[in-house]
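First up is the structure itself, then whatever we jot down about it.
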Amino acid sequence: MAEVRTVNPGTHAFDILRDLTVTPRERKPGPPERIDGMTVGIVTMEQSAPHGGEVHPDGDEILYVISGRVEVRCDSSPDPLPLNAGEACIVPKGEWHKVDVLEKTTLLHITPGPNGDDRPL
């Protein structure tokens, strides 16, 4: 039987693989590593995402604002979706989107993989 252990969600993401096993992974600077499954992470953002948008063709992404305030911009809508602390949204599979930070924000994301792309600014 596997050992129960403490994991720091401030420094690690959680990879939920297709067989539903969960593995912690230390976060590194740069674009996120994409896995065959879902990645759950808690990130603190002081500025908008460093790209012109991203897309997840393997499934929907969940974004939950723990604290702070963001706007989610999607290609399919002319108006940004404001999210405040305690609010969440589901970004549909295949939707190009970008998270713009309005104030320092702590965000929980559940992101599908392994495929995905982002566009430069």
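Since every read-out is calculated from the coordinates, none of them should be taken as a lab result. Remember, predicted model here, so these are calculated numbers, not experimental data. With ideal geometry, Cβ positions are generated from the backbone for all residues, glycine too; neighbour counts draw on all protein chains shown.
Summary table
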{"read-out": "Top-ranked residue in region 98-121 [being closer than 22 Å to residue 22 by Cα and hydrophobic (A, V, I, L, M, F, W, C); ranked as surrounded by the most Cβ atoms within 10 Å (Cβ to Cβ)]", "value": "107"}
{"read-out": "Restricting region 6-28 to residues that are charged (D, E, K, R) and assigned to a strand (DSSP E or B), the residue that is farthest from residue 114 (Cα to Cα)", "value": "26"}
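Table: residues versus (1) part of a loop (DSSP other than H, G, I, E, B); (2) touching a residue at least 24 places away in the same chain (Cβ under 8 Å).
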{"site": "3", "(1), (2)": "yes, no"}
{"site": "30", "(1), (2)": "yes, no"}
{"site": "34", "(1), (2)": "yes, yes"}
{"site": "40", "(1), (2)": "no, yes"}
{"site": "43", "(1), (2)": "no, yes"}
{"site": "86", "(1), (2)": "yes, no"}
{"site": "102", "(1), (2)": "no, yes"}
